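Step one of this worksheet: look at the structure below.
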Amino acid sequence: MSLTYEERRETILAQVDIDGKVQVHALATLFNVSTETIRRDLDRLEKEGRLRKVYGGAVRIRSEMIEPTFLKRSQMHQSEKQVIGKLAASLVEYGETVILDNGTTTLEIMRHLKDRADVTVITNAVPILTCALEEFQGKIIFAGGEVNPSYQAATGVITHQLLDQFKVNKAFISAGGVSLPDGITEYHLEEALLSRKMMQRTEEAILVVDHSKFGVTTFAQIAPIEQISMIVTDTGCTKEWIDALHKLDVEILVGEK
C-alpha cells in the first residue's frame, strides 16, 4: 500500500530538517512512487512555506540573516533557556574556570552560577558581566576590547589576544543555528570567530542551544558539530536529531522542566 501525502510529507520534512536537502529521484525510490508525485509533494510543501524547490529536489528554507535584538532573543523560548542554563551550570565542577560566550542562553548559565564562589568565569558579553557584578560570588574576568553596542559584547583583536592568555576547563558556546551539513553557525562573523577562539582555549566545548536552533543555518560557521564535546538542549529536540547526534559521537543532555 502506497503512503499518503501526509505520511510522505512527514518523512520529507524530517529529511530536510536533518540533511538540509532532498532529491526527487531518491524520494521516488524510497516511497515507490513516480517522480511526478514527488514533485507535486514538493510543490505543496513549498506553498506551505516548509522548504524551497531547487533543480532536482528541495532544500531547507534559510533562516533570516538579521539576528533579533538581545532583548527580543531573551524573551524567545525563555523557559527552555532557563532549563538549559540550570543543567549546564550543574556541569561546572568545584574550582573550575569556564568561558561563557555572548548569548541569552549563556546568560542563564551565569544566573545559575551566582552562588558558586569557587568558580571563575571569563566572558566577552556585557549582559553576563553585568549579571556577575550584581550577584556572582566567584571571580569574573572580562575579555574586553571594543564593545559593539549591537552585539552587547567586546569584539576585535584585543579580545582575541586576551582569550589567548587563558586555558580553561569548559567553554559554553551558544549559536544561531545547528545543521548537519553546515555545522554550528552564528549570525555575525566576528561573534563566530570569537566562539571558535573560545573552543580552542578550552578542554571541553559545550554547545547550549534550545530546540528551535536545530535544522537552522545562519551566516558564519563556528565549527563542525563533531568538534563539540557535548550539547545541552531541551525536550523540544526531536528524536531524529538526537539519533543523528549520537551517530556523530556527540553526547547530548536534555533538560526537563
### Summary
Neighbour-count ranking for 111, 40 (other C-beta within 10 angstrom, fewest to most) reads 40, 111
### Cα→Cβ-extended label distance, 7 Å offset, between residue 246 and residue 146, nm
4.7 nm
### Query
Going by alpha carbons, how many degrees (0 to 90, nearest 10) lie between the helix axis of 126-135 and the longest principal axis of the chain?
50 degrees
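What dipole magnitude, in Debye to the nearest 20, does the chain give about its Cα centre under +1 on Lys/Arg Cβ and -1 on Asp/Glu Cβ? Provide the component values of the computation, followed by the final result.
Details: 29 positive and 37 negative charges, 102 e Å.
About 500 debye.
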### Task
Round to the nearest 10 and give me the degree value, 0 to 90, for the angle of helix 5-19's Cα axis relative to the longest principal axis of the chain.
40 degrees
### Message
For residue 47, give me every one of the lysines with a C-alpha distance below 24 angstrom, ignoring sequence neighbours fewer than eight places off in its own chain.
### Response
21, 213
### Task
Starting from the Cα of residue 257, draw a straight line to each of the aspartates and glutamates and keep only those under 15 Å, dropping any in the same chain fewer than 8 residues away.
80, 108, 210, 234
#### Entry: Placed amide H near residue 122: partners under 5 Å, 5+ positions off or other chain
98, 99, 100, 141
### Task
Please report Rg over Rh for the chain, where both radii come from the alpha carbon positions and Rh follows the Kirkwood definition.
1.04
### Message
Please report the antiparallel percentage of the DSSP beta bridges confined to the chain, to the nearest 5.
### Response
40 percent
### Message
Can you tell me the orientation of helix 35-47 relative to the chain, as the angle in degrees between its alpha-carbon axis and the longest Cα principal axis, to the nearest 10?
### Response
50 degrees
### Message
Straight-line reach only, C-alpha to C-alpha below 18 angstrom: list the lysines that residue 197 could link to, leaving out same-chain residues fewer than 8 apart.
### Response
167, 170
### Hz values of 3J(HN,Hα) by residue in the range 156-171 - Karplus curve (6.51, -1.76, 1.60), Gly and Pro given as x
x, 4, 4, 4, 4, 5, 5, 5, 5, 7, 10, 10, 10, 7, 9, 10
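Every number here is computed from the coordinates shown, using simple stated rules; none is lab data. Because the structure is predicted, anything quoted here is derived from the model rather than measured. Cβ sites come from the backbone with ideal geometry, for glycine too, and all protein chains shown count toward neighbours.
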